[in-house]
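Below is one structure, written out as structure tokens, with a few remarks after it.
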């Protein structure tokens, strides 16, 4: 199953999404683990113990190290992460705390094959409402994407979600100067996330009819 | 420029016999190739014509080396492209230059994925000994006999560890 699926994506263009080297590397590692003794030994471990070590990782620190702590790019990523974190909290507070983010800290994952000029951070925004039978909640997966120009001078940040198989992408900032891209970020973020939620809601309701 | 030390992957497999390496060893080899490709992709260079003849492996450099440890060098960058290069003509003469003709080769936006597809073609060749067919109306892994071989290798790999 793993192998055939791997080859579907390798040779099945245009019917299957193609492999990037990074994704393929991870898939092959999974297969290798599966057929190796180390995986068999871990079958007796609890799932929780498999993940214990993750909690000890400072992901942001890892990104800063990999991107170059003192590099322009590393510092841009850090400022962007802080701006997004503050904006998330401002939004939740703005909406009388009816919205809750699953992950407080924005943690970037590099999707540019080690260049760190295109990164992604995933989160879940949950909307809650008190109803007669208890609290009702609805989660929306929201991803933040940052793109830094090759010369590290311009920054674009986008938020996106998927609904009914469609991808909704809303730019928060577009090719802003890296020196001042976080100016008025909260306000921009709140405006754009409301638009994202509005589009999501309309599209979701269309499908539900 | 130094000459790459070792023999081609094809020569190495001919020496060992095609079914002499298992799935894990096949994956070790291609993982090593992927690491090298990631380095050159960072420089926006894409090989585009990986084949068992364009991979040099040196298994004599360490005592009883695993495939993970054996040094590997990629050669023959004559078909390599950068991000800015235009798509080549797709005529028969052009196709014949390539060991594996990726289906997405004429789609500029997927240029960076061609090496990944070639890596999988090499993995499939290592596993089965079957060369990619020139006729790509059917994906490589679904061609006659290939699918069955993949299934039997997958089953054999699972049984080995149980």
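The values are calculated or read from the model by the stated rules, or taken from the named source; none is laboratory data. Only a predicted model underlies this, so the values are computations on that prediction, with no experimental measurement involved. So basically every Cβ, Gly included, is an ideal-geometry build from the backbone, and we count neighbours across all protein chains shown.
Of all the criteria given as (1) within 11 Å of another protein chain (Cβ to nearest Cβ); (2) modelled with pLDDT of 80 or more; (3) part of a loop (DSSP other than H, G, I, E, B), the one not satisfied by residue B:49 is (1).
In this entry, residue B:24 passes the filter for residues that are surrounded by 13 or more Cβ atoms within 10 Å (Cβ to Cβ) and within 13 Å of another protein chain (Cβ to nearest Cβ). Confirm whether residue A:95 is at pLDDT below 90 and surrounded by 12 or more Cβ atoms within 10 Å (Cβ to Cβ). Considered against the rule, which asks whether it is at pLDDT below 90 and surrounded by 12 or more Cβ atoms within 10 Å (Cβ to Cβ), residue A:95 comes out as yes.
Of the numbered criteria (1) more than 21 Å from the chain's Cα centre (by Cα); (2) surrounded by 14 or more Cβ atoms within 10 Å (Cβ to Cβ); (3) modelled with pLDDT under 85; (4) closer than 23 Å to residue A:112 by Cβ, the one residue A:71 fails is (2).
Among the residues of the stretch B:7-21, the ones that are surrounded by fewer than 20 Cβ atoms within 10 Å (Cβ to Cβ) and either in contact with a helix residue (DSSP H, G or I) (Cβ under 8 Å, 6 or more places away or on another chain) or modelled with pLDDT under 85 (or both) come to 7 in all.
Taken together, the criteria place residue B:111 among residues that are in contact with a strand residue (DSSP E or B) (Cβ under 8 Å, 6 or more places away or on another chain), more than 10 Å from chain A (Cβ to nearest Cβ) and at pLDDT below 90.
Considering the conditions (1) buried (at least 16 other Cβ atoms within 10 Å of the Cβ); (2) assigned to a loop (DSSP other than H, G, I, E, B), residue B:31 is excluded by exactly one of them, (2). Flag not set for residue A:122, criterion: outside any strand (DSSP E or B) and farther than 14 Å from residue A:193 by Cβ. Residues in the stretch A:162-190 that are in a helix (DSSP H, G or I) and surrounded by fewer than 12 Cβ atoms within 10 Å (Cβ to Cβ): A:187 only. Within the stretch A:1-11, take every residue that is out of contact with any helix residue (DSSP H, G or I) (no Cβ under 6 Å at 6 or more places or on another chain) and modelled with pLDDT of 85 or more and give me the one that is surrounded by the most Cβ atoms within 10 Å (Cβ to Cβ). For the stretch A:1-11, the residue satisfying everything is A:9.
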